[in-house]
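Q: Starting off with a structure, shown below.
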Amino acid sequence: MTSKVVVVGGGYGGVVAARALDDVADVTLVEPRETFVHHVAQLRAAADPAWIDKLFIPYDGLLARGRVRRDTAVEVRPGAVELASGVRLDADYVVLATGTTGDFPTRIDAPGRDAAARRLRDLHESLDRATGVLLLGAGAIGLEFAGEIAAAWPGKPVTLVDPAAELLGGRFPDELGSALTRQLDDLGVRLLLGAKLDAPPDIPAGAVRPFTVTTGEGEVLTADLWFACYGGTTPSAYLGEELAAARRPDGRLAVTSQLRVAGHERVFAVGDLNDSPELKTGRAAGRQAEVAAANIRALIEGGPLTAYEPFPDGIILTLGPSGGAGYAPEFGFFDAEATARFKGTFLLDHFRGQLGAG
Ligand SMILES: Cc1cc2nc3c(=O)[nH]c(=O)nc-3n(C[C@H](O)[C@H](O)[C@H](O)COP(=O)(O)OP(=O)(O)OC[C@H]3O[C@@H](n4cnc5c(N)ncnc54)[C@H](O)[C@@H]3O)c2cc1C
């Protein structure tokens, strides 16, 4: 009898786990989106519409034996996954890979390809029309978004505000923070660290309409477009009682070193959803999916299980097509040129290959 595996979520982790098990199990990948969305490149796509179509990679070539089901898991228990359509999938093994959800720029909130592409075109048009942009949160997303806007629309005022005193929580060598600060300055981005707004703008994020806000220090900032570049959440309402017991207060799921959900032998969780102690990245989601798939294979075929080794802190940030900086302990410091060389294509061919899209 072939073991049945259900992978819930077809993002950076889910597609790797599903494909890795396709030859050894009967795999079903459940995903509400029409195509894989390469979110890592979505800020470039908002600034440069030539990128919009490239973000959407079809699932058609992902699995040779298994299938991708366009549906949403509404209740997952060990052994069974219930879908919004009313279908129930039996599962000897489950891989949870439901990642992060949120409004742009955290994710694109439309499950259909055309609607998501339209949303990006509207965003581009809003950015084009705006006379000043305020970004709240100078984490990885806020920094990259500021760089993209400033590079695409030179001279458009962009202000990036964060209550933290240090860039990226001070967890990287000073060289990285200095390079990012200098490049943002060269691009004309105003970076206000250690600054908190008295109240958020009184217009909806993403709408082009003039507003003013005041910082705790009393400075008045004006702009006509703003985005919150923080605050994604990990969806977990679909977890049945047994699995919800492993949910931590922040919504993430506790996993063992083998990436099994705590207390469960045959349910694994990978990517942004789990509590693996490392930066939440697509790179980590993919590596975790490889380990979870290897462990399911070992349980099916017999063999030792593998422990997952979290990545040490590393980050590579683009600031527009020709700028950016990065640091990873295994590679050292990346200057703007090395960043553009490494990340300029957003590894599009790699991800297309991973999805069997040539
Ligand atoms: C702008 C931006 C830039 C980034 N840059 C980088 C970068 O340069 N390098 C890097 O490594 N990482 C980067 N990241 C982070 C990276 O995108 C995430 O860490 C990664 O997406 C996590 O992968 P995942 O598989 O856990 O979840 P996701 O990729 O979020 O995928 C989860 C999937 O699950 C689906 N899903 C949710 N709920 C259900 C349900 N109930 N049933 C079925 N399916 C469901 C969703 O539709 C989604 O497709 C970036 C993120 C953003 C937003």
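Q: For ARG121, which of the numbered conditions (1) open to solvent by 10 Å² or more (accessible area, probe 1.4 Å); (2) within 24 Å of VAL30 (Cα to Cα) fails to hold?
A: (2)
Q: Condition (residue is open to solvent by 20 Å² or more (accessible area, probe 1.4 Å) and either of a type in the set (Val, Ile, Thr) or part of a strand (DSSP E or B) (or both)) applied to the range 53-62: is it met by at least one residue?
A: Of the range 53-62, the ones open to solvent by 20 Å² or more (accessible area, probe 1.4 Å) are 53-54, 58, 60-61.
Checking which are either of a type in the set (Val, Ile, Thr) or part of a strand (DSSP E or B) (or both) leaves us with none.
Taking every residue of the range 53-62 in turn, none turns out to be open to solvent by 20 Å² or more (accessible area, probe 1.4 Å) and either of a type in the set (Val, Ile, Thr) or part of a strand (DSSP E or B) (or both).
Q: Mind checking whether some residue in the range 328-345 is within 26 Å of ALA151 (Cβ to Cβ), in contact with an Asp or Glu (Cβ under 9 Å, 6 or more places away or on another chain), open to solvent by 50 Å² or more (accessible area, probe 1.4 Å) and in a loop (DSSP other than H, G, I, E, B)? Break it down into steps so the answer makes sense when it comes.
A: Going residue by residue through the range 328-345, those that are within 26 Å of ALA151 (Cβ to Cβ) are 328, 331-345.
This time we only want the ones that are in contact with an Asp or Glu (Cβ under 9 Å, 6 or more places away or on another chain), so: 328, 333.
Filter once more, so that each one left must be open to solvent by 50 Å² or more (accessible area, probe 1.4 Å): 333.
If we keep only those that are in a loop (DSSP other than H, G, I, E, B) too, we end up with none.
No - not one qualifying residue is present in the range 328-345.
Q: Kindly establish whether ARG44 is more than 7 Å from the ligand (Cβ to nearest atom), of a type in the set (Lys, Arg) and closer than 27 Å to LEU319 by Cβ. Walk me through how you get there before you give the answer.
A: Numbers: more than 7 Å from the ligand (Cβ to nearest atom): yes; of a type in the set (Lys, Arg): yes; closer than 27 Å to LEU319 by Cβ: yes.
Taking the combined requirement at face value, the residue satisfies it.
Q: Let me ask something else about it. List every residue pair whose Cβ atoms lie under 6 Å apart, where the two residues are 6 or more positions apart in sequence or sit on different chains, the first residue falls within the range 272-291 and is open to solvent by less than 40 Å² (accessible area, probe 1.4 Å), and the second residue, located anywhere, is part of a helix (DSSP H, G or I).
A: GLU278/ALA284; GLY282/VAL40; ALA285/GLY271; GLY286/VAL16; ALA289/VAL16; ALA289/ALA17
Q: Looking only at the range 275-321, how many residues end up being more than 10 Å from the ligand (Cβ to nearest atom), under 24 Å from the mean Cα position of the chain (by Cα) and not in a helix (DSSP H, G or I)?
A: The qualifying residues number 13.
Q: Within the group VAL24, VAL74, which residue is out of contact with any strand residue (DSSP E or B) (no Cβ under 7 Å at 6 or more places or on another chain), touching a residue at least 40 places away in the same chain (Cβ under 8 Å), at negative phi and surrounded by fewer than 22 Cβ atoms within 10 Å (Cβ to Cβ)? Walk me through how you get there before you give the answer.
A: On the way: VAL74 fails: out of contact with any strand residue (DSSP E or B) (no Cβ under 7 Å at 6 or more places or on another chain).
After applying the criteria, what remains is VAL24.
Q: Among the candidates ASP128, ASP71, ASP90, single out the residue that is more than 11 Å from the ligand (Cβ to nearest atom), within 30 Å of ALA246 (Cβ to Cβ) and of a type in the set (Asp, Glu).
A: Result: ASP90 is the single residue among ASP128, ASP71, ASP90 that is more than 11 Å from the ligand (Cβ to nearest atom), within 30 Å of ALA246 (Cβ to Cβ) and of a type in the set (Asp, Glu).
Q: Exactly one of these conditions fails for PRO111: (1) modelled with pLDDT of 95 or more; (2) surrounded by fewer than 19 Cβ atoms within 10 Å (Cβ to Cβ); (3) within 21 Å of the chain's Cα centre (by Cα). Give me its number.
A: It fails just one condition, (1).
Q: In the range 242-258, is there at least one residue being without any contact (Cβ under 8 Å) to a residue 24 or more places away in the chain, not acidic (Asp, Glu) and not assigned by TED's automatic domain parsing to the domain that holds ASP26?
A: no
Q: Mind listing whichever residues of the range 10-32 are within 18 Å of the chain's Cα centre (by Cα) and of a type outside the set (A, V, I, L, M)?
A: Within the range 10-32, GLY10, GLY11, TYR12, GLY13, GLY14, GLU31, PRO32 qualify.
Q: What about THR35, is it under 20 Å from the mean Cα position of the chain (by Cα) and either under 13 Å from LEU355 (Cβ atoms) or surrounded by fewer than 23 Cβ atoms within 10 Å (Cβ to Cβ) (or both)?
A: Working: under 20 Å from the mean Cα position of the chain (by Cα): yes; either under 13 Å from LEU355 (Cβ atoms) or surrounded by fewer than 23 Cβ atoms within 10 Å (Cβ to Cβ) (or both): yes.
It is true that THR35 is under 20 Å from the mean Cα position of the chain (by Cα) and either under 13 Å from LEU355 (Cβ atoms) or surrounded by fewer than 23 Cβ atoms within 10 Å (Cβ to Cβ) (or both).
Q: Another question about this same structure. Applying the selection to the range 257-274, what residues are within 13 Å of the ligand (Cβ to nearest atom) and over 14 Å from the mean Cα position of the chain (by Cα)? Give the derivation first.
A: Initial filter on the range 257-274 (within 13 Å of the ligand (Cβ to nearest atom)): 259, 268-274.
Those that are within 13 Å of the ligand (Cβ to nearest atom) and over 14 Å from the mean Cα position of the chain (by Cα): LEU259, PHE268, ALA269.
Q: Between residues in the range 137-156 that are more than 15 Å from LEU191 (Cα to Cα) and residues that are outside any loop (DSSP other than H, G, I, E, B) and small (Gly, Ala, Ser), which pairs lie under 6 Å by C-beta distance while being six or more apart or on different chains?
A: Listed by first residue and then by second, the contacts come to ALA152/ALA47.
Q: hydroxyl-bearing (Ser, Thr, Tyr), within 30 Å of ASP122 (Cα to Cα) and assigned to a loop (DSSP other than H, G, I, E, B) - does that describe any residue in the range 83-96?
A: From the range 83-96, those hydroxyl-bearing (Ser, Thr, Tyr) are 85, 93; that's our starting set.
Applying the additional criterion that residues be within 30 Å of ASP122 (Cα to Cα) yields none.
No, the range 83-96 contains no residue that is hydroxyl-bearing (Ser, Thr, Tyr), within 30 Å of ASP122 (Cα to Cα) and assigned to a loop (DSSP other than H, G, I, E, B).
Q: Can you find a residue that is open to solvent by 10 Å² or more (accessible area, probe 1.4 Å), more than 25 Å from the chain's Cα centre (by Cα) and modelled with pLDDT of 95 or more anywhere in the range 94-107?
A: No, the conditions are met nowhere in the range 94-107.
The values are calculated or read from the model by the stated rules, or taken from the named source; none is laboratory data. Predicted model only: the values in this text are computed from it and were never measured. A quick note on method: Cβ atoms are made from the backbone with ideal geometry, for glycine too, and the neighbour counts reach across all protein chains shown. With ligands, DNA and RNA removed, areas are computed over all heavy atoms of the protein, side chains included. Shrake-Rupley method; radii C 1.70, N 1.55, O 1.52, S 1.80 Å.
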